[in-house]
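Heads up: the structure comes next, in structure tokens.
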Amino acid sequence: MSTPAFEVFPYSLDCLVKLISEGSHHKPEDEVRLKSHTLYFDHYLTKLSVKALLVERDYIDRDFLEDFAAYYVRCFPPYRKTCTRIHAFRRDLSRDAVKAFLSGDDTKLKLEEIKSAYLGFIVIKPLPQTVIGRTCLTTYSDRSTRHFPATRDFEANLFGIKLKVVNTLPFQEQDSVVAACATSALWTLFQATAREFQHQLLTPIEITRAATHLLPTESRVIPNQGLSTHMMAHAIKSVNLEPFLIRVAEGKVLHAAIYSYVHARIPLILGIDLVEQNTGTNYDRMGKHALAIVGYSLGGVPTPLSLSGLVLRSSRIDKIYVHDDQIGPFARMELDGKRVEVQIPGQPVQQYDSLSTSWKPTHGSGDVRAIPDILLVPLYHKVRLPWEWALQRVTEFNEVLVQLSKIVPDLKLLGLEWDVYLTTVNEVRDDLRNAANIEAAARYSAVTWSMPRFIWRATAVRNDAPLIDLLFDATDIDTAHGLLQVVFHDALVRDLIKNIAAVGSIDALPFKRTVKNILRWVKENL
Amino acid sequence: MKLSGRKRKVSALIVLRRIFEHLRLRFATASDHFVAVSLECSVMTNSDRDDPREMARRAIEWLKSADGQKSIKESDNRIKETAALLAKGREIDPTKLHEPFTV
């Protein structure tokens, strides 16, 4: 008797375990049940209110097929080249209703009902251990503080039915053969940047090859034991993007850098040292791990960046959401400010800022935490000016507002919250066109102003409403002033700045060059 | 529902404030004078104190004063301190670049 093309099951953990076990290469159900991914998916699917699973057998997955052709086909055991795809729905389904629908009878089930109930899919690879393949699951609907700028809508086709997984970014587990954790993280990154910057979409084996192509290694590359920062940077270059490396041992740098780029829909690689609790605040190092940051939560209390009192919206980040190939998609890591004491090779024992993780301890009951080390940002080549260039200019302008607040306290220019991020000309124009407090003529001018594709936008926010927008050219050279426009959302503040710019010589004012450029722009254009 | 005298007064002020907020945009465009009602419902008039030109003059005067100069110096120090913090993002340890991510 031939295997049916699909089957439908009501959702339960037991059902999920059975399906993963069947889809793998003889992985026993007991082992599947203990796998961290299974527990994570059960929690995630339950939270998504999944009611039914539809299983598609003999699914051909492009990524696995490439890995299969490069490695598994030449193994002695007969690995299958086809996968199993498990689709998740938020409504009850019956096999009869789906079968009738696929036979042209939609009296029991309508197309719209299938589409609206669709929550995504998990591909199960026919391998012994590392079985979670390409996975697209929608994010939680509760978006009060959660933000997933790097997600997109992805399509899935089920026997000709065009389904859409909204707000997702593909995830997969490393197979530890052609791909390690860094490969999986890069693979997730490229799923987003290929759409954003139109480059070739690489499979895991292609990423590993691209990363190691020009770097002589002392040992073989496949089976892959892991990529270094240097190798990851090479992989990013191979798709004609520019790798930008940031050290994020300092917590405030981590907040600001994540927000600056993820807001621009660019997922980031986060390199961490995983540490496991030994006693109290004393931790042992487990090793280096790479993740893809795809979102953040702005549920924290804003705090000043430094003594300058500059308050950034990014300081509200209290959690980040990552695709951790050893845990699952959109795994939460809390920036809870906890410091851990650990010895990292080559360093004395010292305390480090750390993040919580969903990792289970390998021994004992202590927790496993992450010490952030590096961020690797895949940038389009024209995004030349970095995050700190923009923040430095905002700091200088904010200091002038601090000075003015001493003379005109009623304007409440002290304690503004600055929202600083990379964006595009189209998004800026769309946003300004819909801004509430700009006069028609000023709005028209701002929207039609000639601007480059990539822009650093800094919005000063007062009482939750935008006050001033500073727009800088992200494609310029760093010795230029880079100012494109200043957009005022408050007429009185605009007139105050205009009058300061109009009094005598701007060069004679005791301001930094950035501020003088802003005043010159205001004088010439407003 | 009948409103108390105080509530009627507050309601009237809120309506006035909305009208004046709208007018302020137009007046501020046409001239440097404006009339508005603040969020706290206190009426701000077109006195010199709220004249942007006057505010700017006072700000520049203060910046030139001894207090202003001192404040600018403190401001410069804060800017330097922020720059130093931001520069930490560039402190890459070259020995770590070849260490593989293996977990």
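General observations
- As a calculated quantity, the FRET efficiency between residue A:307 and residue A:389 at R0 = 25 Å, using C-beta atoms, amounts to about 0.75.
- Shielding of peptide A:509-521 by partners, expressed as the average count of other chain Cβ atoms within 10 Å per residue Cβ, is 2.
- FRET efficiency, 1/(1 + (r/R0)^6) with R0 25 Å, evaluated for residue A:523 and residue A:443 via beta carbons: 0.75
- For the stretch A:276-404: relative contact order, % (alpha-carbon pairs under 8 angstrom, 6 or more apart): 19 percent
- Every Cα-Cα pair of the stretch A:394-526 was included, and the share exceeding 28 Å stands at 11 percent.
- On Cα atoms only, tilt of A:36-47 relative to the major axis of chain A in degrees: 70 degrees
- Neighbour-count order for A:35, A:288, fewest beta carbons within 10 angstrom listed first: A:35, A:288
- Neighbour-count ranking [beta-carbon atoms within 10 angstrom, fewest first] of A:381, A:489, A:43: A:381, A:43, A:489
- Inter-chain neighbour count for B:91-98: the average number of beta-carbon atoms from partner chains within 10 Å of each residue's beta-carbon is 6.
- Shown in residue order for the stretch A:13-21 are the 3J(HN,Hα) couplings computed by the Karplus curve 6.51 cos²θ - 1.76 cosθ + 1.60 at θ = phi - 60°: 4, 4, 5, 4, 4, 4, 5, 5, 4 Hz (x for Gly and Pro).
- Förster radius 41 Å - calculated FRET efficiency between residue B:84 and residue A:382, Cβ distance, rounded to 0.05: 0.90
- Take the Kirkwood radius over Cα pairs of the stretch A:363-465, plug it into Stokes-Einstein at 20 °C and 1.002 mPa s, and you get 126 µm²/s for translational diffusion.
- With neighbours defined as other Cβ atoms within 10 Å of a residue's Cβ, the residues A:363, A:234 order from fewest to most as A:363, A:234.
- Under the Karplus curve 6.51 cos²θ - 1.76 cosθ + 1.60, θ = phi - 60°, whole-Hz ³J(HN,Hα) for the stretch A:286-294, x wherever Gly or Pro sits: 9, x, 8, 9, 10, 9, 10, 7, 10
- Spacing of the two label points (7 Å from each Cα toward its C-beta) at residue A:221 and residue A:194, in nm: 1.9 nm
- Chain A: relative contact order in percent, alpha carbon pairs under 8 Å with at least 6 residues between: 10 percent
- Comparing A:76, A:283, A:496 along the charge dipole axis of chain A, the residue lying farthest to the positive side is A:496, per the Cβ-charge model.
- Tilt relative to chain A, helix A:491-502 - C-alpha long axis, 0 to 90 degrees, to 10: 50 degrees
- Straight-line reach from residue B:88: taking Cα to Cα under 12 Å and skipping same-chain neighbours fewer than 8 places apart, the aspartates and glutamates in range are A:250, A:373, A:388.
- Over 19 Å between alpha carbons, listed pairs A:27/A:81; A:252/B:80; A:412/B:64; A:110/A:162; A:110/A:164; A:319/A:382: A:412/B:64; A:319/A:382
- Residues of the stretch A:310-333 with amide N under 16 Å of the 7 Å Cα→Cβ point at residue A:164: none
- The length gained on full extension between residue A:426 and residue A:22, counted as 0.36 nm times the residue separation minus their Cα-Cα distance, comes to 140.7 nm.
- Legend: mean number of C-beta atoms from other chains within 10 angstrom of residue C-beta atoms, peptide B:67-77, equals 4.
- For chain A, the longest principal axis of the C-alpha atoms and the axis of helix A:387-407 are separated by about 40°.
- Extent along principal axes [Cα atoms of the stretch A:249-311; Å; largest to smallest]: 37, 29, 19
- Label point of residue A:31 set 7 angstrom out along Cα-Cβ; within the stretch A:118-156, amide nitrogens under 20 Å from it belong to A:123-134.
- The label point for residue A:71 and the one for residue B:70, both projected 7 Å from the Cα toward the Cβ, are 6.8 nm apart.
- Computed over the protein assembly as shown, the Cα gyration tensor eigenvalues convert (square root of 5λ each) into semi-axes of 51, 31, 22 Å, ordered from largest to smallest.
- Residues listed by number, the stretch B:66-103, amide nitrogen under 19 Å from residue A:478 label point at 7 Å toward C-beta: B:79-94
- Dipole magnitude of the stretch A:212-367 about its Cα centre (Cβ charges: Lys, Arg +1; Asp, Glu -1), debye to nearest 20: 380 debye
The numbers here are math on the coordinates, done by the rules we state, and not lab data. What you are looking at is a predicted structure, and each value in this text was computed from that prediction instead of being measured. Note that we place each Cβ from the backbone using ideal geometry, even for glycine, and neighbour counts take in every protein chain shown.
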